[in-house]
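Trainee: Let me begin by handing over the structure; questions about it come next.
Only the coordinates and a few stated rules stand behind these numbers; no lab work does. Note that this is a predicted model, so its numbers are computed, not measured. Quick reminder, even Gly has a Cβ in these numbers, built from the backbone with ideal geometry, and neighbours come from all protein chains shown.
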Amino acid sequence: MADALFLAHTLARLVAASRSVAVGTNSPIPAAATLLAREQAAQHNGRMVISILGSPRHTPFTDGGRELFDFAAQGRLDSFFLGGGQIDGNGNINLLGIGDPTRPKLRFPGSFGSAYLYSLVPNVVLFRDEHSPRVLVSQVDFTSAAGSGPDGSYRPGGPRWLVTGRAVFRFDPARNRFRLHSIHPGETLDEVTALTGFAVDLDDGFGETPTPDTKTLALLRGPVARELAFAYPRFAAQHFPSGHFSSEGHPA
Amino acid sequence: MPFLTTLQLAQAIPDGALLAVPADYGGVAMAVTLDLIRRNARDLSLAAAPVSGLQADLLIGAGAVRQLQAAAVSLGEYGFAQRFTAALKAGRLTMQDATCPALHAGLQAAEKGVPFLPLRGILGSDLLKLRPDWKVIQNPLAEMPDPIVVVPAIHPDVALFHAPLADRHGNVWIGLRRELATMAHAARRTLVSVEAVFDGNLLDDPLRAPGTLPHPYVEAVALASKGAWPLAFADHYPADHDALTRYAEASRSDEGFQAVLQEWLHG
């Protein structure tokens, strides 16, 4: 499986064109990616507004918990990261559980802001480290947030990318399906296909996910690691060690 | 206004109350929560603004909660909320699943004194199947079809939270945590624990006044140093990592949970 720096680099590329990026709760790798994207934007004289939930230093809001959601509905938020206990090939995500919701067989924490932000944020990047048939399913058991539609509804937002510990999928809005865009170094197409619970078809230009260059790694180990430590001190210490490239995988 | 004890605040919350509480990162009155368990509170309904974690899990594990409205219940980096999950699986807890902005909007509707608020998104989510009280209506101002979700006002009996400062007039400084003000505006009664007493009047200071929940909304305040322990509290103290790690491990079973709870109640 890919390591945290590689994944942060991969996610950062997918939000690089954004003017504003927000990260939800308990999301250290998306937070690192967002900090990296901001650093890279700044190096090109660009300004990126970021919001990392739970990190006052990285949250430019003053009007309480609702402000981020209002900001998104106003059309000001370009990118957001979401995860999922289950993610299906049509971009539907399940953050709630498996089985009857009133007496669940398996219960995840809950839908958080997904049902709302998925519809409103133009560039939603799904991230789930675990790449397995139990996560990437043909159809979710519960739709916390739908990948598309309903027809005729106001819907400026939706999924654009899905990143796992093994691969990147791009959402094809014409077919409302994910297509395999790249596999990470060391992965094989056969293995990734076997571990994906939905039908895999290859995106145009399918290839290998690019690795971070030395300049990007220096940013990740330097300013990104320092900033990440404010939001996720233990994660930063464990996964963003300064001075050497960690080749260890990180726990799911 | 005299300061009460945290136990007196807990005793002022009746069994059966709808209690509004903030997220674990947003100023949770944990000392009062432990006193709610000490006083054997029962049949509470919790409305999380907008998610909950340790506080809900503790109250559920202690048998104090009948119903919960939240966008999620999780111990964050410490994992799933195990007593919450166990109670759901056993059918001992009625869960009203939500999404974060719907809870904010429900409290804002109560704050405005209107029966509901519309909000975008949510269409296509199975949450609509779990929430018959959320309605999809046609935007009455649009000529073209434009379905939109409306969520009902949430009227908590009591808002309960922890804040940095209160003065002797009942003004409470909440700083950036404006959702606490929304909770208080929406609730019939507001009870607050604070880290410290502010000598003087918070409303007299133009820098502090905008971050102050003023006294008309505040029924009672208790002084509780480290009142959010073992959770982190703003820039006052970090989470007690050892205590939370131990809780996450022990609360996998009811026996383990009860053991930690007894330590925290009597420690």
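Trainee: Share of antiparallel DSSP beta bridges in the range B:1-146, in percent to the nearest 5?
Mentor: Taking every DSSP beta bridge with both residues in the range B:1-146, the antiparallel ones total about 5 percent.
Trainee: Take A:His131, A:His58, B:His266 and order them by how many other Cβ atoms sit within 10 Å, fewest up front.
Mentor: So the residues, fewest neighbours to most, are B:His266, A:His58, A:His131.
Trainee: Here's something else I'd like to know. Among DSSP beta bridges whose residues both lie in chain B, state the antiparallel percentage, nearest 5.
Mentor: For chain B, the DSSP antiparallel bridge percentage is about 30.
Trainee: Another question, then. List the aspartates and glutamates whose alpha-carbon lies under 13 Å from that of A:Lys215, not counting same-chain residues fewer than 8 positions away?
Mentor: A:Glu39
Trainee: Next question. Tell me whether the protein assembly as shown comes out rounded, prolate or oblate; compute the Cα gyration tensor, take square roots of the eigenvalues as a ≥ b ≥ c, and use a/c under 1.5 as the rounded threshold.
Mentor: Prolate, since a/c reaches 1.5 and a/b exceeds b/c.
Trainee: Amide H of A:Gly83 versus every other amide H placed in the peptide plane: which residues, excluding those fewer than 5 positions away on the same chain, fall under 5 Å?
Mentor: Amide H to amide H, under 5 Å and 5 or more residues apart or across chains, A:Gly83 pairs with A:Phe127.
Trainee: If each residue's Cβ is checked for other Cβ atoms within 10 Å, how do B:Arg83, A:Arg221 rank with the fewest at the top?
Mentor: A:Arg221, B:Arg83
Trainee: A further question on this structure: Classify chain B as rounded, prolate or oblate from the Cα gyration tensor: take a ≥ b ≥ c as the square roots of its eigenvalues, call it rounded if a/c is under 1.5, otherwise prolate when a/b beats b/c and oblate if not.
Mentor: Judged from the Cα gyration tensor, chain B comes out oblate (a/c at least 1.5, b/c at or above a/b).
Trainee: Please label the shape of the range B:20-108 as rounded, prolate or oblate, based on the square roots a ≥ b ≥ c of the eigenvalues of the alpha-carbon gyration tensor (a/c under 1.5 means rounded; beyond that, a/b larger than b/c means prolate, else oblate).
Mentor: Cα axes put the range B:20-108 in the rounded bin.
Trainee: Please compute the contact order of chain B in relative form: average sequence separation of alpha-carbon pairs under 8 Å and at least six residues apart, divided by the residue count, as a percent.
Mentor: 21
Trainee: Using a Gaussian network model of chain A whose springs link C-alpha atoms within less than 10 Å, name the residue from A:Glu187, A:Glu67, A:Glu39 with the highest mean-square fluctuation.
Mentor: Among A:Glu187, A:Glu67, A:Glu39, the largest mean-square fluctuation in the Gaussian network model of chain A belongs to A:Glu67.
Trainee: Can I ask one more? Would you grab the residues whose amide H sits under 5 Å from the one on B:Leu18? Only those 5+ places off in sequence or on another chain, please, with H modelled 1.01 Å from N.
Mentor: Here B:Ser45, B:Asp157, B:Val158 satisfy the definition.
Trainee: Given the range A:138-252, report the % of alpha carbon pairs whose separation exceeds 21 Å.
Mentor: Tail of the P(r) past 21 Å holds 55 percent of the pairs.
Trainee: Let me ask something else about it. For chain B, set up a Gaussian network in which alpha carbons nearer than 10 Å are linked by springs, and say which option among B:Ala70, B:Ala224, B:Ala90 fluctuates the most.
Mentor: Highest fluctuation of the listed residues: B:Ala90.
Trainee: While we're on this one: What is the Å³ per residue value for the convex hull set by the Cα atoms of the range A:150-193?
Mentor: So the per-residue Cα hull volume is 80 Å³.
Trainee: Still on this structure: Quick one: which residues, 5 or more positions from B:Ala222 or on another chain, have an amide H under 5 Å from its amide H? H modelled 1.01 Å from N in the peptide plane, none for Pro or chain starts.
Mentor: B:Leu4, B:Val192, B:Ser193, B:Val194
Trainee: When Lys and Arg each count +1 and Asp and Glu each count -1, what net charge do the other residues less than 12 Å away from B:Ser45, Cβ to Cβ, add up to?
Mentor: Once positives and negatives cancel, what remains is -1.
Trainee: Express in nm, to one decimal, how much length is gained between B:Leu203 and B:Met1 on full extension, taking 0.36 nm for each residue of separation and deducting their alpha carbon distance.
Mentor: Extending this stretch completely gives an extra 71.2 nm.
Trainee: Identify which of A:Ala37, A:Ala12, A:Ala174 has the largest mean-square fluctuation in a Gaussian network model of chain A, with springs joining Cα atoms closer than 10 Å.
Mentor: Result: A:Ala174 has the largest fluctuation of those listed.
Trainee: Roughly how compact is the range A:4-239, stated as its Cα Rg over 2.2 N^0.38 Å to two decimals?
Mentor: 0.98
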